[in-house]
Each structure stands twice: as C-alpha cells, then as structure tokens.
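The values are calculated or read from the model by the stated rules, or taken from the named source; none is laboratory data. Since this is a predicted model, take the numbers as computed values, not measurements. Ideal geometry is used to build each Cβ from the backbone, glycine not excepted, and the neighbour counts take in all protein chains shown. Heads up: the accessible areas ignore ligands, DNA and RNA and are worked out on the full protein's heavy atoms, side chains in. Shrake-Rupley method; radii C 1.70, N 1.55, O 1.52, S 1.80 Å.
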Amino acid sequence: MKNNAIKWIYDDAGRPETLKDNINDSVCRSIAIATGKGYEEITNLLNRYIIDSGYDEAYIKNDYSRVAKEVAHKLLLDLGFIWKPTMLFGKGCKVHLRKSELPNGTLIVSISKHLTCIVDGIIHDIYDPSRLGNRCVYGFYYKN
C-alpha cells in the first residue's frame, strides 16, 4: 500500500445475489453499511423517499445509479447524519480519500459519481475507489 493509500475491504452490505454484478448501488450499500441496517431495509426506505420526492415508480426499477443527490441527502439527514462539505465551488480539492485527511469513525463519503463508506479509516465497498489516495472528497456524512 502506498503512503497516501487508504485500506480497503470488500463489503457489499449483504445485497442479494441477483445484484452481485451491479456496481451502481453505492447509495444503498453505503447507507446500509454505515447504519448497520440490512440492504433490503435500506432499499425499501430509499424507494419510499424516491416516491415521496416526486419521482415515479419506474425510477425505482433503475439500478440506483441515478438516485438524486437531494433524495439521498434528505434520507441521510433524517437518519441522523450530519453533512460536512470539504470542497467549495471554485476552491479546488482540499480533502482526498486518505485516512490522514478524514476523521475517524463511520463516514459516508461523497466522491465523483459515487458514495463510499469508511469505518475507522477503512473503506468498505465492492471495489477500491480511492485512486491510491488521490480521489477528491466533496464532503462526508457522519454522526456525532
């Protein structure tokens, strides 16, 4: 592991075997891992939030790769998470996906086109999204 890299372990949040080839469910996986709730429970909750936000049911049949940020954001806030932005418009990247640049604890981290879960400095995901510690972090959700 290079100096900037963060440790990664495979974690699919217990998603069903039929979805094993889907890499586009990072919202559901990250929330399930961070909360300790089951994948199916988070899927059902996410579906309800999608409908309550005005999207039609056809949207739910999607693989969650297009879950609107505002839907995920509302769900996470309602689950008791706090949003901490780390990249402001026009300011450039200040925080990278590195253990040394993120707080300890359980985080749901927003990176380009992906959410990933970090638990005590270790990425829990189905692949390593860190780009050897060079991936820019837009912000993260955490609980006090």
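Overview of values
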quantity	calculated
Of C117, C93, C28, the one that fluctuates the most in a GNM where the chain has Cα springs shorter than 10 Å	C93
222 nm mean residue ellipticity, helices alone, for the chain (DSSP H n ≥ 4; -39,500 (n - 2.57); rounded to 500)	-7500 deg cm²/dmol
Separation of alpha-carbon centers, segment 35-57 and segment 70-144, rounded to whole Å	20
Accessible-area ranking of D52, D11, D25, largest first, probe 1.4 Å	D52, D11, D25
Rounded to 5, the percent of DSSP beta bridges in the chain classed as antiparallel	80
About the Cα centre, charge dipole magnitude for the chain (Lys/Arg +1, Asp/Glu -1 at Cβ), debye	780
Per-residue SASA entry for K7, accessible area with 1.4 Å probe, Å² rounded to 10	100
The chain: proportion of alpha-carbon pairs further apart than 20 angstrom, %	45
